[in-house]
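Have a look at the structure below, then the notes.
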């Protein structure tokens, strides 16, 4: 059995981001048959502009993102909540991956959205907005794959998410949904 690849995009660009730490915890707790690849350069991708999305002239960072998404079996978006919605870096990545319309790297790609935020709901508004955006962009949104960790700044001040038993258990449930999505895709 070959490994499946889950490309993970973290919406926060901050070095000590709790969402980056959550992505690391997800990577560390992946089942043996799953490789979780965290894409590191969302901050280097210029804002989507159709004038620069021209064959042979696509900015290198955007082309690398598209190539990584095309090669992945599934996508995982890990998002904080900025003013009640998705951070610009993640929305921009979705915009680049949605093109060309109807045939972009997101087209039919199983995609899950998770995250953590300072507030009491764990960033669910941002997660809902991200699901909406990737769904419109053509991804196959995995509505049952949910993980929202509230109070992140306090909860993860002393403990990395990989060492939080409750979070690790939720991560295992996330992979169960991702595995079922992969099985459904293979059967189709």
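The values are calculated or read from the model by the stated rules, or taken from the named source; none is laboratory data. In this text, all values refer to a predicted model and were calculated from it rather than measured experimentally. Don't worry about glycine lacking a Cβ; one is built from the backbone with ideal geometry, like all the others, and counts go over all protein chains shown.
Things worth noting here:
Let's see how each residue does on (1) in a helix (DSSP H, G or I); (2) more than 14 Å from the chain's Cα centre (by Cα); (3) closer than 25 Å to residue 4 by Cα:
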residue	(1), (2), (3)
77	no, no, yes
99	no, yes, yes
104	no, yes, yes
108	no, yes, yes
115	no, no, yes
138	no, yes, yes
146	no, no, yes
154	yes, yes, no
158	no, yes, no
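- Filter result (without any contact (Cβ under 8 Å) to a residue 24 or more places away in the chain and more than 21 Å from residue 73 (Cα to Cα)) within segment 123-144: 128
Okay, residues lined up against (1) free of Cβ contacts under 8 Å to residues at least 24 places away in the same chain; (2) farther than 19 Å from residue 137 by Cβ:
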{"residue": "6", "(1), (2)": "no, no"}
{"residue": "23", "(1), (2)": "no, yes"}
{"residue": "48", "(1), (2)": "no, no"}
{"residue": "56", "(1), (2)": "yes, yes"}
{"residue": "60", "(1), (2)": "yes, yes"}
{"residue": "75", "(1), (2)": "no, no"}
{"residue": "85", "(1), (2)": "no, no"}
{"residue": "91", "(1), (2)": "no, no"}
{"residue": "108", "(1), (2)": "no, no"}
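- Any hit, segment 49-68, residues being in a helix (DSSP H, G or I), buried (at least 20 other Cβ atoms within 10 Å of the Cβ) and touching a strand residue (DSSP E or B) at 6+ places or on another chain (Cβ under 8 Å): yes
- Residue in segment 25-39 that is more than 12 Å from the chain's Cα centre (by Cα), surrounded by 16 or more Cβ atoms within 10 Å (Cβ to Cβ) and over 22 Å from residue 160 (Cβ atoms) present: no
- Residues of segment 152-159 include at least one that is surrounded by 19 or more Cβ atoms within 10 Å (Cβ to Cβ), at pLDDT below 95, touching a helix residue (DSSP H, G or I) at 6+ places or on another chain (Cβ under 9 Å) and within 17 Å of residue 11 (Cα to Cα).
- When restricted to residues that are surrounded by fewer than 24 Cβ atoms within 10 Å (Cβ to Cβ) and in a loop (DSSP other than H, G, I, E, B), segment 81-97 contains 3.
- Positions within segment 1-38 being touching a helix residue (DSSP H, G or I) at 6+ places or on another chain (Cβ under 6 Å) and part of a strand (DSSP E or B), in sequence order: 4, 7, 8, 9, 10, 36, 38
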